[in-house]
Amino acid sequence: MALLRVLDNESQPILATQQLSGTALRDVEPGEIFRVVKNGINMTGMPSFGLIKTEDNKMWAIAAFVKKLPTVSPDDYKAWSEARATEAPSK
């Protein structure tokens, strides 16, 4: 899985791809992740959550999750997923 991020340049944005490993996100500031979540990245599959009027606190939660994701063990992620599935409303 890769994180696409925009690096500011005076003339134009530069698109870079990083693997979501334990070290790739270490130097990425949470505000940069938030900006990508909010604005998306043109011409990629990364949508803009800001365009659909997602509340900032929810976008910050997504950014925090993305920042934390490389340190989450497969067992932790599985436990979270299973716990969330049991909380889903029945139809």
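Taking H as built 1.01 Å from N, whose amide H comes closer than 5 Å to the amide H of SER48, not counting residues under 5 places away?
none
About the Cα centre, and with charges only on the beta carbon of Lys, Arg (+1) and Asp, Glu (-1), how big is the dipole of segment 21-61? Nearest 20 debye, please.
Dipole size: approximately 120 debye.
Quickly work out the MET43-to-LYS58 label distance, labels modelled 7 Å from Cα along the C-beta direction, and quote it in nm with one decimal.
Going from the LYS58 label point to the MET43 one covers 3.0 nm.
Using Cβ counts within 10 Å as a stand-in for footprinting exposure, how do LEU51, LEU69, LEU25 rank, fewest first?
Ascending Cβ contact count within 10 Å gives the list LEU51, LEU69, LEU25.
What ranking do VAL37, VAL72, VAL28 get, fewest neighbouring Cβ atoms within 10 angstrom at the top?
VAL72, VAL28, VAL37
Put a dot 7 Å past each Cα toward the Cβ at GLU29 and PHE65; how far apart are the dots in nm?
My value for the distance between the label points is 2.4 nm.
We did not get these values from a lab; they are worked out from the coordinates using the rules stated. A quick note: this is a predicted structure, and the numbers were derived from the prediction, not measured. Here the Cβ is made from the backbone with ideal geometry for all residues, glycine too, and neighbour counts use every protein chain on show.
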